[in-house]
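Novice: Below is a structure I'd like to ask you about.
What follows draws every value from the coordinates through simple rules; no lab data is involved. Small disclaimer: the values here were computed from a predicted structure and weren't measured. Here the Cβ is made from the backbone with ideal geometry for all residues, glycine too, and neighbour counts use every protein chain on show.
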Amino acid sequence: MATSAATVGHILDTLAPLPISARKMFGEYALYLDGRVVALICNDDLFIKPTSGVLVLLANGPMGPPYPGAKPHFVATELLDDVAALTAALRAVAADVPLPKPKKPKVKT
């Protein structure tokens, strides 16, 4: 089951104080903060990457795989009601995750 556009819109509206964006990937969505993937939206649920910074904030939070075969992430759908805690968690992930490597330009032959 793919994530609905309405769910993504609701999450982006809730997180409006952050410079966050969503990108569709394989029928689901990745959330980007400062150019870094910090969370996934899969099956209409929000999953936060389990980095060392967020482990401190969400130590007892529920975990589960966002898709079959994935490593467990924090299931953060309930945190949508606590924007301050969710914002802090996403900022902690962004601080822990390195920027992606720049893509090499394609060479024309």
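Novice: Which of the peptides 17-23, 50-56 is most tightly packed, and how do the rest follow, going by the mean number of other Cβ atoms within 10 Å of each residue? Please report the intermediate quantities before stating the final value.
Specialist: Numbers: 17-23: 14.3, 50-56: 15.9.
Ranking, from highest mean packing down: 50-56, 17-23.
Novice: With a 10 Å cut-off between alpha carbons and a GNM built on the chain, which of ALA95, ALA59, ALA30 moves the most?
Specialist: The residue with the greatest mean-square fluctuation here is ALA59.
Novice: To continue, here is another question. Using packing as a proxy for protection, rank 96-107, 34-45 so that the peptide with the highest average count of other Cβ atoms within 10 Å comes first.
Specialist: Numbers: 96-107: 8.2, 34-45: 18.8.
So the peptides 96-107, 34-45, ranked by packing, come out 34-45, 96-107.
Novice: Could you identify which residue out of PHE74, PHE47, PHE26 has the top mean-square fluctuation in a GNM of the chain using Cα springs shorter than 10 Å?
Specialist: Largest GNM mean-square fluctuation: PHE26.
Novice: In straight Cα distance, which lysines are under 18 Å from LYS24, not counting same-chain residues fewer than 8 positions off?
Specialist: Those lysines meeting the cut-off are LYS49.
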